[in-house]
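Laboratory data are not the source of any read-out in this text; all were calculated from the coordinates shown. Everything numeric here is computed off the predicted structure, so don't read it as measured data. We place every Cβ from the backbone using ideal geometry, glycine too, and count neighbours over all the protein chains shown.
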Amino acid sequence: MTPAQFLSRLKRGDVPPVSLLLGSESYERRRCREALIAAHLTEEERDGALTQYDLSEVELSQVLDDARSLSLFASKRVILASSAEAALPRTAKSDEDGEDPASSGGGGGFKELEAYVSSPTPGTAILFESSRFDWEGDDKKKNERVRKFFAAVPDAVELRRYSTDEARVLLDQLARQAKLSLGPGVADALSESLGGDAGRIAVELEKLSLFAGTATVTLEHVAQLIPDARETTIFVLVSALGRRDRTRSLGILDTLCRDGEYLPLALSFLSGQFRMALIAKEANLKSAGQVQGHFTKQGVPMWGSRAEQVTQTATKFTKAQLERGLKLIFAADRDLRSARPDDRIVMERFVVELTAA
């Protein structure tokens, strides 16, 4: 079941007695959890009717025993059980791929769960959450094993990570809902710097909304407010160098140094920017749309704002200056790799020489 299907079911007032959220994607997990609570309990009913457990701290049997208990004060209840993966048996045999959890020493919990699901307590909704494993790579097999253990639960929601494109669509949607005005390049920078993580996108947009108020959010706001969004600061540096703004470029470099940025990474971004600008120049591409279309046809995905940056850089620099810039980047990269270099001095010299071109 997808999150959308689960949310649609809850919207109709159809609350499953036992359900399972499976996957590390945090945005949809929060939405599903909040929707289930809202569909089953009113605000007034939640005090005393909402119980939370962590299965890394308590046994599955304790959660099920609580679910079987009838409350004198609440006719409806919601029980949230996080760390559901911790309920699985821990034996060497059970770690093998394809091992049936019910036959590997954890049969008690498995059978108890099966018995409860076959005859759940009326008015009680249990939501198990397994958030440790992703649906990609080696984690996929671990998720499948968790699903096998909870096979008795018919309503399982697979929480898969958003693709880059899906995360960008979500970002635009959430920004509109928050009536948040994003300046040029901000949406693309946010999406890339947060790695397409939907949960972080939602949280950081909320922070930016409180921080900026009715003002337009700029790349500088993003670099200032969002922790670990180092790529965003580098994008600002690229933009400043594209304008050949030496003062601004040196100021951004100072920020990168104070934040402990790994300067060879910044240089790598700059190299990519100049290479694409040179290609755009040689292909006689005049607009951001042409740049975006050209690279997309070559199999290189490109956001609109990235195409704008490439176009701006290609406009500010001549073909000879771009070629010289790439030589300066090569020299700076070589110096950064030399024995005990002063990275800041190397990068400052690079900025001065480039903006003097």
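Among residues other than Ser131 with Cβ under 10 Å from its Cβ, the summed charge is -2 (Lys and Arg +1, Asp and Glu -1).
The translational diffusion coefficient of region 1-64, from Stokes-Einstein at 4 °C and 1.567 mPa s with a Kirkwood hydrodynamic radius over alpha carbon pairs, comes to 99 µm²/s.
Residue by residue, region 43-55 carries 3J(HN,Hα) couplings of 4, 5, 7, 6, 5, x, 10, 10, 10, 10, 10, 10, 6 Hz when phi is fed to the Karplus relation 6.51 cos²θ - 1.76 cosθ + 1.60 (θ = phi - 60°); x denotes Gly or Pro.
Rounded to two decimals, what is Rg over Rh for region 230-357 when you use alpha-carbon atoms and the Kirkwood radius?
Details: Rg = 14.3 Å, Rh = 14.8 Å.
That ratio is 0.97, to two decimals.
Normalised by residue count, region 296-336 yields a Cα convex hull volume of 108 Å³ per residue.
Ranking of Phe6, Phe211 by neighbouring Cβ atoms within 10 Å, starting from the fewest: Phe211, Phe6.
Determine, for region 230-357, the count of lysine pairs separated by eight or more sequence positions (or lying on different chains) whose alpha-carbon distance falls under 16 Å.
Taking the Cα cut-off of 16 Å, the pair count is 5.
With a cut-off of 15 Å between beta carbons, the residues surrounding Ser119 carry a summed charge of -1, where Lys and Arg count +1 and Asp and Glu -1.
Given charges of +1 on the Cβ of Lys and Arg and -1 on the Cβ of Asp and Glu, with all other atoms neutral, how large is the dipole of region 230-357 about its Cα centre, in debye to the nearest 20?
Working: 20 positive and 14 negative charges, 77 e Å.
It comes to approximately 360 debye.
Global dimensions of region 3-158 from alpha-carbon coordinates: Rg and Dmax equal 15.3, 47 Å.
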